[in-house]
Amino acid sequence: MATATVKASSAGGDGRRKANPNMGENNAVKAYLVAYNVSQMLGWLVLMIKIIHHMAAEQDVETLYAQVEPILKIFQTAAVMEMVHSAIGLVKSNPVLTGFQVFSRVFLLWGVVWSVPEVQTTGYILCFLVAWTITEIIRYSFYFFSLLGQVPYFLKWCRYTFFIILYPIGVTGEVMTIYLALPHVLESDMYSVSLPNTANISFSYYYYLCFIIFSYLPVFPQLYGHMLAQRKKIISSPQRPKKE
Amino acid sequence: MVQILHARSGELITSLGDLQPKSTIYDVKKAFAKEKRKYYPDRQGFKTDPRGKMVKDGDTLESLGLKNGSRLYFKDLGPQVGWTTVFLTEYAGPLVIYLIFYLRPSIVYGEDAAELPYANVVHIAAGCWSFHYAKRLLETVFVHRFSHATMPIANIFKNSVYYWGFAAFVAYFVNHPLYTPPAYGDLQVYGGLAAFVIAELGNLSVHIALRNLRPPGTKERKIPRSTSNPFTWLFGLVSCPNYSYEATAWLAFTVMTQCLPAGLFMLAGFYQMAVWAQGKHRNYLKEFKEYPRRRAAIVPFVL
């Protein structure tokens, strides 16, 4: 009785459902997304090369950040576009989730590392830079191939396997960087507002950062677990048809 | 006889015999609860299509096209809690919490705070806040008629965190020893107070009008309209004037106290109510052919 509407399913690659039906087949949209993903892929590739080159040549973690800062700022900040893509339906991903992920990266970059120059020379920078770089190169390549129609199994495998060590390494780098920034934030009173004032509000950036650190506790296991669950679904047996 | 299958797995759970074409889904739920005592009726959800929408308690089997041997798909809605319970919990918290900050500031701000005088507006704000939540509690008991008896139990925690959290957030700053009274003095305070009172009366009037729309014990739905009470005339412009008034009340409270946390509370509440209002507005439009097209959902002419 109920007529099933046949959805024009065009290649969405693996698990990347087609976005807003109005934009679905739009070639301009596709071209733009390809350009975006390729640009990001190349940007992070350049970043990776710079990191490798610097560490091989100078072997000095303290001067690493200064070398990579401009490129990192450009390409990580550009990821804000992904929130826009999601919000306007260009890409079918959860806008809230995307927003959360992008925000946490951009916040660490500008709100902590750029704002507190003292942490730019710690070894933990290398930790999260390595994690971010490898992850992003894989991720953007993955999206690129999805847009073209088919993702090479190897790439899929990389995406759903590398995170197993990269997540913990990255999170360690991030949390420790914020932790090391704390004393400087407390001393400088940056981004903070105290009473009395005409808006009758106060805000302590120091306590806010403490809260951020604590929030890694519940959030990280959830994200990690989600990726593990995804891995099971996608990697287990590509030959066997999925059993519902 | 109707077969009951799991909506997710498709497995057969049981077959229910004692049903007639005129039996309702509620009868099905009662019969199901007799066999599977863990699933009281409020916890049961049924669908005619495993991926479709849930059917209503009042629908009869024949109206759904269900005959002998037909299937119904069961979904466990999880442990439920009554709406009245939820409302009383979420509203009692803000009342108590705010009053703790107001009446016992030394607990929060240290011993010296107990001696410091409050600005006039701080007393008025405590009065407004308390009135608002006392009114909500009384409405929950005496005014509202709920469509659904229950909601999932997780909601009570989620909602309470929201209400209680914001109560502490606002109360902390309004009752703070370093609180700064409004820049425009009495004009701002009493202007805000007046607007607050009007908005509260408006909200109450709409709640009463909505109650009178529904005969007791029924789940009847009618188009809400203006009554002889001028506060209800806002129905001419919006589907959910109760939300419009509520948002206005908190805006007034914010202006009156010149307190940014109160403003943030207002924005959060407005966002949520706008979402609800748009949902209800859409439902009204779908359900009633003659629904007045001039109405907006929550903000006249705008939203």
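The values are calculated or read from the model by the stated rules, or taken from the named source; none is laboratory data. Just so it is clear, the structure is predicted and the values come from calculations on it, not from any experiment. Cβ sites come from the backbone with ideal geometry, for glycine too, and all protein chains shown count toward neighbours.
Which members of the range A:76-92 meet the condition of being surrounded by 16 or more Cβ atoms within 10 Å (Cβ to Cβ) and free of Cβ contacts under 8 Å to residues at least 24 places away in the same chain?
The answer is A:Glu82, A:Met83, A:Ser86.
Could you tell me whether B:Ala119 is small (Gly, Ala, Ser), over 11 Å from B:Pro177 (Cα atoms) and touching a residue at least 40 places away in the same chain (Cβ under 8 Å)?
No; evaluated as a whole, the condition is false for this residue.
Scan the range A:108-119 and tell me whether some residue there is more than 18 Å from A:Thr63 (Cα to Cα) and surrounded by 16 or more Cβ atoms within 10 Å (Cβ to Cβ).
Yes, the range A:108-119 contains at least one residue that is more than 18 Å from A:Thr63 (Cα to Cα) and surrounded by 16 or more Cβ atoms within 10 Å (Cβ to Cβ).
Would you check if A:Tyr143 is crowded, with 17+ Cβ neighbours inside 10 Å and within 16 Å of the chain's Cα centre (by Cα)?
Spelling it out, A:Tyr143 is indeed crowded, with 17+ Cβ neighbours inside 10 Å and within 16 Å of the chain's Cα centre (by Cα).
Looking at (1) within 14 Å of chain A (Cβ to nearest Cβ); (2) in contact with a Cys (Cβ under 6 Å, 6 or more places away or on another chain), find the lone condition where B:Gly185 falls short.
Of the numbered conditions (1) within 14 Å of chain A (Cβ to nearest Cβ); (2) in contact with a Cys (Cβ under 6 Å, 6 or more places away or on another chain), the odd one out for B:Gly185 is (2).
One residue is enough: does the range B:132-142 have a residue meeting the conditions within 22 Å of B:Cys259 (Cα to Cα), buried (at least 19 other Cβ atoms within 10 Å of the Cβ) and of a type in the set (Phe, Trp, Tyr)?
yes
Take the range A:171-224 and flag every residue that is of a type in the set (Phe, Trp, Tyr) and either in contact with a Gly (Cβ under 8 Å, 6 or more places away or on another chain) or in contact (Cβ under 8 Å) with a residue 24 or more places away in the chain (or both).
The answer is A:Tyr179, A:Tyr191, A:Tyr206, A:Tyr216, A:Phe220, A:Tyr224.
Taking the residues in the range A:200-209 that are part of a helix (DSSP H, G or I) and surrounded by 15 or more Cβ atoms within 10 Å (Cβ to Cβ) as candidates, determine which candidate is nearest to the chain's Cα centre (by Cα).
Only one residue fits best here, namely A:Leu209.
Suppose we filter the range B:234-288 for residues that are surrounded by 15 or more Cβ atoms within 10 Å (Cβ to Cβ) and not in a helix (DSSP H, G or I); how many remain?
Of the residues in that region, 6 qualify.
Is it the case that the range A:57-69 has a residue that's of a type in the set (Phe, Trp, Tyr) and closer than 25 Å to A:His226 by Cα?
No, the range A:57-69 has no match at all.
Please determine, by comparing only the residues of the range A:166-199 that are surrounded by fewer than 14 Cβ atoms within 10 Å (Cβ to Cβ) and β-branched (Val, Ile, Thr), which one is nearest to the other protein chains (Cβ to nearest Cβ).
Top of the filtered list is A:Thr198.
Within the range B:1-40, work out how many residues are of a type in the set (Gly, Ala, Ser), on the phi < 0 side of the Ramachandran plot and more than 32 Å from the chain's Cα centre (by Cα).
The total comes to 3.
For residues that are over 25 Å from B:Ile107 (Cβ atoms) and either within 14 Å of chain A (Cβ to nearest Cβ) or free of Cβ contacts under 8 Å to residues at least 24 places away in the same chain (or both), tally how many sit in the range B:152-172.
1
From the residues in the range A:209-218 that are away from chain B (no Cβ under 14 Å) and of a type in the set (Phe, Trp, Tyr), which one is farthest from B:Gln258 (Cα to Cα)?
It comes out as A:Tyr216.
Given the residues B:Val206, B:Val121, which is the only one that is within 14 Å of chain A (Cβ to nearest Cβ) and in a helix (DSSP H, G or I)?
B:Val121
For B:Asn175, only one of the following conditions fails: (1) buried (at least 17 other Cβ atoms within 10 Å of the Cβ); (2) more than 14 Å from every other protein chain (Cβ to nearest Cβ); (3) modelled with pLDDT of 95 or more. What is its number?
(2)
Among the residues of the range A:138-165, write down those that are among the aromatic types (Phe, Trp, Tyr) and within 24 Å of A:Asn27 (Cα to Cα).
Across the range A:138-165, the qualifying residues are A:Tyr140, A:Phe142, A:Tyr143, A:Phe144, A:Phe145.
Could you tell me which residue of the range B:220-233 is nearest to B:Lys286 (Cα to Cα), considering only residues that are assigned to a loop (DSSP other than H, G, I, E, B) and touching a Ser or Thr at 6+ places or on another chain (Cβ under 6 Å)?
Here the residue is B:Ser226.
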